[in-house]
Amino acid sequence: MVELYSPTIATPATPSDGMIPSSPSLPNTLSESLRRWARMAGWPSALSAGMSVFTLLGLSLLYRQLPINEAGTLALLLSTSEILSLVSLIGLVTVVTRLYASAGPGVYDWVTDLARTAAYSLPILFLGSIAFVLVYDLPTPMGIYFLGLTTVTSLLAAVFSMLNAEGYYAWSAFLIRIPNASLVLPGLAGLLAISRVRLDGVLAVLLVATLLALALGTYLLRRFLSRGTLRLTRRQRFEGLAFTAMAFADLLPEQGLISVAGRILPVSQVAAFAAVAVLAQPFRLLRGVLGMILAPDLVRYRRPSYRKLLAGVWGLGLACGIAIAILGPPIASRLYDGRYQDAVAWIPYLAMAGVLLLGGMTPRIDLSVRAPFQYVNRFAAGYLASVVFALILSLAGMRASGAAFLPAAVVLLQATACAVSYAFWWRFRHRETAGQPPNSKP
């Protein structure tokens, strides 16, 4: 599925050394643990899962029915718009989560903050839209559409973060996923022969759904949040850059790779990669749901050992990876009616990348919510630089080997992200167990 990345980042309640103090004990039995996790997930997880299933179904149907060149253009537009919308927010989602949640309802002037978000984002979105048209040699109307879509998407993400910070988790989980879940409508219309599916109609549905989600979100803000007097400062907005860097790096193994591939490979091969990549999206769904649970859980309950947690996450990932590697190829052949048959062989590689995606989730989240901010900044810089370097190597591989290098590139990018996360996390844990902050000298 392709949707704006919205990580659940908790604010560590840190003392002067930035380490988490003692916390309540963990539940002793498996049933108690499962009940606690179910309470934390609740409706937000159910809504996220349901909306994500609609997105997966919609994209699958569209990649089956759209002309291949239009399917490739859709993949490029969705991936690039997600990256640009994230960059234009400059870490706002995390900043709002931290400040709005700690201050309580009715303290911040959300109307002014939303208007200033548009003012900060528009120059970045305008330049990005020009680059989108020039890099991919697209017509000017597509650039205008791209600017409108990314602008509305950025504002929707800001509204999502404000509702989420005030505890309206179900509403925020629903709103942020409305646009891409709406893609099931043109997909079903084509499947039921109600109308012929073309890219213009799909883009119209996507933009209208995003506008409706933004309108609903604004209405909910007016209903649930009174307008306070405090406003986000420029300095506060830029404090979220470290988390933006991590979120941006998380997009590179799929959205970033599609964006790069669209510049050097035929659009039909981009469409093939995006079509089979849809079948590996359950990994991202699992990461989103587990991340929403793990972030507050890792803050509240300090663990002397992470062995059971890591074994559980890796075990779940391996089970899903084996299932997708075995079942994915026949499902893809039947789903797309042999349309992307050459790309079916890539699915086991995508499954392997999905296992690495889930496996690297725990250390990254633990660092984000519990490590001192100085160490988080260092991790974010190293994490982003490493994944970008892997993307450059992938670009070189695609120039040399063409689309055949795409599946290897996905594994390379996810393996790099996973390795860097564990390298920083192991150092953090070593210093933590020794009673030293991770930035101290040996």
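Just a few scattered comments:
- Residue within region 6-29 that is within 26 Å of the chain's Cα centre (by Cα), modelled with pLDDT of 90 or more and loosely packed, with under 15 Cβ neighbours inside 10 Å present: no
- Residue check for Ala275: crowded, with 24+ Cβ neighbours inside 10 Å, modelled with pLDDT of 85 or more and assigned to a helix (DSSP H, G or I): yes
- Any hit, region 241-250, residues being of a type in the set (Asp, Glu), outside any loop (DSSP other than H, G, I, E, B) and in the same structural domain as Ala353 (by TED's automatic domain parsing): yes
- A single entry from Ala404, Ala415, Ala381, Ala371 fulfils the requirement of being surrounded by fewer than 22 Cβ atoms within 10 Å (Cβ to Cβ) and either without any contact (Cβ under 8 Å) to a residue 40 or more places away in the chain or in contact with a Phe, Trp or Tyr (Cβ under 7 Å, 6 or more places away or on another chain) (or both): Ala404.
- Tyr301 meets each of the listed conditions (1) in contact with a Cys (Cβ under 7 Å, 6 or more places away or on another chain); (2) surrounded by fewer than 19 Cβ atoms within 10 Å (Cβ to Cβ) apart from (1).
- Answer from Leu155, Leu125, Leu134 - the residue that is surrounded by fewer than 19 Cβ atoms within 10 Å (Cβ to Cβ) and assigned to a helix (DSSP H, G or I): Leu134
- Yes/no for Arg196 being of a type in the set (Lys, Arg), crowded, with 16+ Cβ neighbours inside 10 Å and outside any helix (DSSP H, G or I): no
- Scan region 132-166 for residues that are of a type in the set (Gly, Ala, Ser) and without any contact (Cβ under 8 Å) to a residue 40 or more places away in the chain and the total you get is 1.
- Residue check, Tyr349 at pLDDT below 90 and among the aromatic types (Phe, Trp, Tyr): no
- Pairs linking a residue in region 296-318 that is assigned by TED's automatic domain parsing to the domain that holds Cys418 and modelled with pLDDT under 90 to a residue that is of a type in the set (Asp, Glu) and in a helix (DSSP H, G or I), with Cβ atoms under 6 Å and 6 or more positions apart or on different chains, are Leu298/Asp366.
- Residue check for Leu78: hydrophobic (A, V, I, L, M, F, W, C) and surrounded by fewer than 18 Cβ atoms within 10 Å (Cβ to Cβ): no
- When residues in region 105-122 are screened for being in contact (Cβ under 8 Å) with a residue 40 or more places away in the chain and over 14 Å from Phe160 (Cβ atoms), 9 of them pass.
- Considering Ile331, Ile326, Ile322, the condition of being out of contact with any strand residue (DSSP E or B) (no Cβ under 6 Å at 6 or more places or on another chain) and either in contact (Cβ under 8 Å) with a residue 40 or more places away in the chain or among the aromatic types (Phe, Trp, Tyr) (or both) is satisfied by Ile331 alone.
- Residues of region 418-429 satisfying the condition of being free of Cβ contacts under 8 Å to residues at least 60 places away in the same chain and either crowded, with 21+ Cβ neighbours inside 10 Å or of a type in the set (Asp, Glu) (or both): Val420
- Among residues of region 216-237, those that are surrounded by 13 or more Cβ atoms within 10 Å (Cβ to Cβ) and either hydrophobic (A, V, I, L, M, F, W, C) or assigned to a helix (DSSP H, G or I) (or both), counted: 11
- Of Leu257, Leu285, all but one fail to be within 25 Å of Tyr336 (Cα to Cα), within 16 Å of the chain's Cα centre (by Cα) and surrounded by fewer than 21 Cβ atoms within 10 Å (Cβ to Cβ); the exception is Leu285.
- Restricting region 177-193 to residues that are among the small types (Gly, Ala, Ser) and part of a loop (DSSP other than H, G, I, E, B), the residue that is nearest to Ala157 (Cα to Cα): Ser182
- With respect to (1) touching a Pro at 6+ places or on another chain (Cβ under 8 Å); (2) over 28 Å from Gly312 (Cα atoms); (3) surrounded by fewer than 19 Cβ atoms within 10 Å (Cβ to Cβ), the lone exception for Glu432 is condition (2).
The values are calculated or read from the model by the stated rules, or taken from the named source; none is laboratory data. Only a predicted model underlies this, so the values are computations on that prediction, with no experimental measurement involved. Note: ideal-geometry Cβ built from the backbone for every residue, glycine included; neighbour counts use all protein chains shown.
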